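Only one structure is covered here, and it is reproduced in the block below.
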Amino acid sequence: MDYGIITIDTREIERLTKELKGFEKEVAEATYHALNRTVDFTYTQIGKLVPKSYAIKKNDVLSTLKKNKPSSSSLEASVTSTGRRLSFAHFPFTPKTPRRQTVMVQIKRSKGKMASKKGFVAPTGAKDPDKIPFNVFKRIGKIVVPEKGRYAGKVYKRGPKKGQPYRREMIAPIRTLSVPQMITNEKVGEQVQQLAQDKLEERLNHEIIRIMTSIDKNIRRG
C-alpha cells in the first residue's frame, strides 16, 4: 500500500501570529477557516491535476483521498492519498477483448500508448456489470491444477500425461503506478503544493481582514 501526503506549510500563520500579537484568538479563528477552505481546494486540485498528467479518471484519483481537516484544538491540515498500484484496467488499453495482438496501454498523457511485452487480455470473471469484465494479465511462472474455471477437474486425453489433471500457469493483473505515486510525482506534487500554499495565504489574509474589520466596527460602535 502506498501513501502520498500534501501538507500545508504553517510559516505564514507563524508570521501573522507575531505581527498581530495580542490577537492570538483572532488569528487562530482565521487560521481555522483558512485551513478548511485550503483543504477543500487542494482536494479539488488533485482531482484535476493528476488526470492531466496521467490517463486516469478523476474518480479513481478522488476515491483514494482523505481530507484531514483542522479542529479547534489542533490547527493541522493535510490531504492524504492511500492506495495500491493500479492495474491496466484503470487506463486506456487495446484490445479491449481477448485477441492475438500486442497490448497497447497509455499511462502518461504525454507519451501516448505503449506496447506491453508480457501483457495479454483475458476475462476477469466479474459478472456484475459495474465490475471490469476484461483486464491485462501476465503469466507468473507458477504451475497449478485448476480448481475453478473451464479446466477444473479435467484430465489430459493424450500424451505422456494422459489421465492426469490439467496443469496451468497462474496469471496475475499487470500493475503500474499507484495514485499516491502520481500525486507525489515531482511535477504534480510541486504544482499541488504551490497551489495549496497560495490558497492558504489568500484565505488567511481574507479572514484576518474580515475579523479585524469586525473588531474595528465594534470598537467604533462602543
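The values are calculated or read from the model by the stated rules, or taken from the named source; none is laboratory data. The structure presented is a predicted model; accordingly, all values stated were derived computationally and were not measured. Ideal geometry is used to build each Cβ from the backbone, glycine not excepted, and the neighbour counts take in all protein chains shown.
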For a quick check of your reading of the model, give me the residue pairs whose first member lies in the range 87-109 and is within 20 Å of Ile183 (Cβ to Cβ), whose second is of a type in the set (Asp, Glu) and surrounded by fewer than 15 Cβ atoms within 10 Å (Cβ to Cβ), with beta-carbon atoms closer than 6 Å and at least 6 apart or on different chains. none
Go through (1) outside any helix (DSSP H, G or I); (2) polar (S, T, N, Q); (3) out of contact with any strand residue (DSSP E or B) (no Cβ under 8 Å at 6 or more places or on another chain) and name the single condition Asn135 misses. (3)
Where in the range 1-96 are there helices (runs of 4 or more DSSP H), lying fully within it, with 3 or more residues that are under 29 Å from Met212 (Cβ atoms)? 11-19, 24-53
Within the range 54-74, is there a residue that is surrounded by fewer than 16 Cβ atoms within 10 Å (Cβ to Cβ), in contact (Cβ under 8 Å) with a residue 40 or more places away in the chain and either over 13 Å from the mean Cα position of the chain (by Cα) or on the phi > 0 side of the Ramachandran plot (or both)? yes
Working only within the range 22-43, note down all residues that are of a type outside the set (Val, Ile, Thr), in contact (Cβ under 8 Å) with a residue 24 or more places away in the chain and under 12 Å from Leu75 (Cβ atoms). Ala28, Glu29, Ala30, Tyr32, His33, Ala34, Leu35, Asn36
Which one of these is more than 19 Å from Ser87 (Cβ to Cβ), out of contact with any Cys (no Cβ under 9 Å at 6 or more places or on another chain) and exposed (fewer than 10 other Cβ atoms within 10 Å of the Cβ): Lys157, Lys111, Lys127, Lys161? Lys157
The condition from (1) more than 30 Å from Val27 (Cα to Cα); (2) within 13 Å of the chain's Cα centre (by Cα); (3) outside any helix (DSSP H, G or I); (4) not aromatic (Phe, Trp, Tyr) that Lys118 misses is numbered (2)
Would you check if Lys127 is out of contact with any strand residue (DSSP E or B) (no Cβ under 6 Å at 6 or more places or on another chain), not in a strand (DSSP E or B) and not aromatic (Phe, Trp, Tyr)? yes
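Each row is one residue, and each column tells you yes or no for (1) in contact with a strand residue (DSSP E or B) (Cβ under 8 Å, 6 or more places away or on another chain); (2) within 18 Å of Asn205 (Cβ to Cβ); (3) in the same structural domain as Val192 (by TED's automatic domain parsing).
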| site | (1), (2), (3) |
| --- | --- |
| Thr7 | yes, no, yes |
| Glu14 | no, yes, yes |
| Tyr32 | no, yes, yes |
| Phe41 | no, yes, yes |
| Ala55 | yes, no, yes |
| Lys58 | no, no, yes |
| Asn68 | yes, no, yes |
| Ala77 | yes, yes, yes |
| Thr94 | yes, no, no |
